[in-house]
There are 2 protein chains.
Amino acid sequence: MGHLWHLLLPHTDPGMPSTSRGGFVHIKNPHLEAMDEDVLYHLDLGTKTHDLPAMFGDVKFVCVGGSPNRMRAFAQFMHKELGLEGDGEDLADICAGTDRYAMYRVGPLLSISHGMGIPSVSIMLHELIKLLHHAKCRDVTIIRIGTSGGLGVQAGSVVITDRAVDACFQPRFEQVVLGDVVVRGTDLDGGLVEELLACSKAIPDFPTLVGHTMCTYDFYEGQGRLDGALCSFSNEKKLEYLKRAHDAGVRNIEMESTAFAALCGLCGLRAAVVCVTLLDRLEGDQIRASHEVLQEYQQRPQRLVAAFIRRRLGLHAAAGNTRPSSD
Amino acid sequence: MGHLWHLLLPHTDPGMPSTSRGGFVHIKNPHLEAMDEDVLYHLDLGTKTHDLPAMFGDVKFVCVGGSPNRMRAFAQFMHKELGLEGDGEDLADICAGTDRYAMYRVGPLLSISHGMGIPSVSIMLHELIKLLHHAKCRDVTIIRIGTSGGLGVQAGSVVITDRAVDACFQPRFEQVVLGDVVVRGTDLDGGLVEELLACSKAIPDFPTLVGHTMCTYDFYEGQGRLDGALCSFSNEKKLEYLKRAHDAGVRNIEMESTAFAALCGLCGLRAAVVCVTLLDRLEGDQIRASHEVLQEYQQRPQRLVAAFIRRRLGLHAAAGNTRPSSD
C-alpha cells in the first residue's frame, strides 16, 4: 500500500474539538488500562493477537454504514478516488474471522459495516474506539454514510445531519446502565457539517441539505409505518406524527444516529452523519424504487464523502466526477 | 426437495395457543389487506415478484439467530438430520439479493439470520411474519438459537428461556410508537419450554436448564461490562447488579429475546428462545475461549433444536448424537 497520504495530511487541524487531547481518542474507562489483554470479540481482533498500532496507527478517516456489501463497494471506490495502485478488487476483509461486521482498509481510511440499529452500531463503536485507542490513532474523523427515509424532501436527497434526535424529537440518547437510565447528548461537529456542505456544492447532480435526523429503535411502528406486521394507528395519526417531526426540523429518519453521535462525541471523535433518502415518508411507506435507482442513491453519500476526503488530502481534481461501481 | 415431512407432521397440534385461529399467523394490521403489493424490502422478497405460497406455504419451523454463517451451518446440519437427499452444501440463500439477512430452506424448516439487537431482529420479524401470512402458513413454531452471557451457570450451558425480561428484570418490551411508549408482554410458550427440556434429556454431553433471559440494548455498559470504551461504574456495582439479576431468576443475557417474544406472541406464533452461554458473567466480561471451544458451544442449541424438530417429525433415531459441522 502506498503511504502517500502522509505527505498530504495537514500538520494541524484547526477544526478539532477543544475536548481533544493531542488528537487521541478518549477512552472514558479507568478499568481498561489494567487489562492484560483486550479481545475485540465482534471484530475478531485483539491486543495480543494483532499489532494494532502497526495495522491501524495512521488511520485518519473511518466511514461506517449498515451493509457490508456497501462498505466494501465504498472501499473499492475510495481506492480509485485516492489514486492507489491496483484495481482495489481484491481488498481483504480485516474482520474475515467473524461475520458480525466487515472492515476494509484503503490508505488512511477504514470502511466498516455496523448492521442495523443502535445496539448493533454500539457494539461496533465500542470496539472500534478501543481499536483506535490501542493503535494510538490521532485526529480521526468518522462519518456514517447510510440510507434513510426522507421527510418532505425529494427521494435521493442527501441529508447532512446537524442534530440527531430521538423519536420524541429530543437531542438525546437514553441508555439503561446497571438498571438506571443514563441520558447523553447527541452533538455532532458543526465544522464538519459546513465542510461537507461546501463539498456538496461541487456535486450538482443530486440535492444535498442540512437537517435534523430522527433515530428510532424500530423501522415499522417506530417510524410510523402502516405496512408492518403490527399497526394500531390510522393514516391520519401517522401523518400528524410525521408532520410534527418535520415541523421540529427532522428531514430524515434512520436507526443509528443518536448512539453514533453520543458515543463518538464522548470519545472525542469528530463525527458526521450523511444519509441518502430512499423515499419521502410523507408520500408512502414502502421502498419501491428499482434496484438500479436504489443503487445509484446509495452511491450519493459515498461520492460526497469521497469529495470531502480528497479535499482534506489536497487531492482536488476530479472530486465528485467519478462514481462508485454497484455492489 | 423431498416433501416427506408432510407425512410425518401430526394432523392436530394440542400445544397450539388458544389465540390461534386455524393455526394461521395473525397480522394485526388492518392496512395490510388494502395494499396492492407488499415489498418485504430487507428480505428482497415481495408479493408481486415471488409466489410466496408456493415458496413457503408448507413451512412449519423457523429458526433464527444472529450470525448468517451460523444459520447457514444450521441449515446444512438440518439437511443431514432430516435425511434429505444430497449433502446440503449447495443451499442457496433465498435473500441473496440483499446482505441485510440470510435465509435458507431445508424441508419444512426456514433458517434465517437476524443480526444483533432488538431493532435488527424486529425488522426481520415484521417481514418474516408478513411472509408467513402471505404464504398462508399454518401451525408454525419459531425458535431463536443464539449466544449469550451466562449468569451463575457454567460456560457452554444451554438456557431455555421461560421468561424474557428487560434490563430492569421486568417481562416487558417497551417501544415508542408515534412518540408514545407502548408496553408489550413477553410471554413465551410454556409447552414448548417443556418439550425442549424433555429433548435435552437425551443429550447428556452438555448442561441444559430453564431460566429467565435478560435482554439489553447494549453489550458493554448495558450488560454491566467493565471493558467497553466507556465505563462509569466499579466492579462492585457491576457485581451487585448482576447478582440482583441472578436473584430475580436471570440465567443468561442477550440482546433480542424481549422483542422476539413480544412480536411472535402478538402474531400467534409459538416461540422459544434457546441460547448457549459463552462465559459466566459473574467471573468476567471478555469472551476468551478458543475459536474451537466457541464453535462447539454454538452447536449446542442447534443440536437441541434438531432433536426437537426430529421428535416433532417422528424421526427419533440418532437425535442428539450427530453434531453440526463448523461454519
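Below, the figures for the structure above:
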{"quantity": "Shielding by partners, peptide A:121-131 (average Cβ within 10 angstrom, other chains)", "calculated": "5"}
{"quantity": "Top of B:Met116, B:Met55, B:Met214 by mean-square fluctuation, Gaussian network on chain B, Cα under 10 Å", "calculated": "B:Met55"}
{"quantity": "Across A:Lys237/B:Lys28; B:Lys201/B:Lys243; B:Lys28/B:Lys136, pairs whose alpha-carbon gap is larger than 24 Å", "calculated": "B:Lys201/B:Lys243"}
{"quantity": "Tensor-based shape of the range A:91-148 (alpha-carbon gyration tensor, a/c under 1.5 rounded, otherwise prolate or oblate)", "calculated": "rounded"}
{"quantity": "Reachable aspartates and glutamates from B:Lys80, criterion Cα separation under 19 angstrom, eight or more residues apart if same chain", "calculated": "B:Glu89, B:Asp90, B:Asp93, B:Glu296, B:Asp327"}
{"quantity": "FRET efficiency estimate (nearest 0.05) - Cβ-Cβ, B:Leu239 to A:Arg288, R0 41 angstrom", "calculated": "0.20"}
{"quantity": "Qualifying trypsin sites (Lys or Arg not before Pro) for the range B:23-124 [loop in DSSP, other Cβ within 10 Å: at most 10]", "calculated": "B:Lys48"}
{"quantity": "Estimated FRET transfer efficiency when R0 is 30 angstrom, pair B:Asp180-A:Asn69 (beta carbons, to 0.05)", "calculated": "0.25"}
{"quantity": "Shortest-first distances to equivalent copies, position A:Ser290, nm, label 7 Å out along Cβ", "calculated": "5.4"}
{"quantity": "Neighbour-limited loop hits for chymotrypsin sites (Phe, Trp or Tyr not before Pro), the range B:229-305 (at most 10 other Cβ within 10 Å; DSSP other than H, G, I, E, B)", "calculated": "none"}
{"quantity": "Rg over Rh, two decimals, chain B (C-alpha only, Kirkwood Rh)", "calculated": "0.95"}
{"quantity": "Chain A: relative contact order in percent, alpha carbon pairs under 8 Å with at least 6 residues between", "calculated": "24 percent"}
{"quantity": "Along chain B, longest interval not containing exposed GluC sites (Glu not before Pro), exposed being DSSP loop plus at most 15 other Cβ atoms within 10 Å", "calculated": "B:90-282"}
{"quantity": "Among B:Asp93, B:Asp139, B:Asp247, residue whose mean-square fluctuation peaks in a GNM of chain B (springs only between Cα atoms under 10 Å)", "calculated": "B:Asp247"}
{"quantity": "Gaussian network model of chain B, springs between alpha carbon atoms under 10 Å - residue of B:Thr208, B:Thr98, B:Thr216 with greatest fluctuation", "calculated": "B:Thr98"}
{"quantity": "Förster radius 41 Å - calculated FRET efficiency between A:Val210 and A:Lys48, Cβ distance, rounded to 0.05", "calculated": "0.40"}
{"quantity": "Proximal aspartates and glutamates to A:Lys130, defined as alpha-carbon separation beneath 18 angstrom and excluding residues fewer than eight positions away on the same chain", "calculated": "A:Glu33, A:Asp36, A:Glu37, A:Asp38, A:Asp44, A:Asp51, A:Asp58, A:Asp139, B:Asp218, B:Glu221, B:Asp227, B:Asp285"}
{"quantity": "Across the identical copies, how the A:Ala248 labels are spaced - nm, sorted shortest first, 7 Å along Cα→Cβ", "calculated": "2.8"}
{"quantity": "Shortest-first distances to equivalent copies, position A:Asp180, nm, label 7 Å out along Cβ", "calculated": "3.1"}
{"quantity": "Gain on full stretching of the segment that runs from B:Phe169 to B:Glu194 - 0.36 nm per residue minus C-alpha separation", "calculated": "6.7 nm"}
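Since every read-out is calculated from the coordinates, none of them should be taken as a lab result. Just so you know, these numbers come straight off a predicted model, no measurement behind them. Note: ideal-geometry Cβ built from the backbone for every residue, glycine included; neighbour counts use all protein chains shown.
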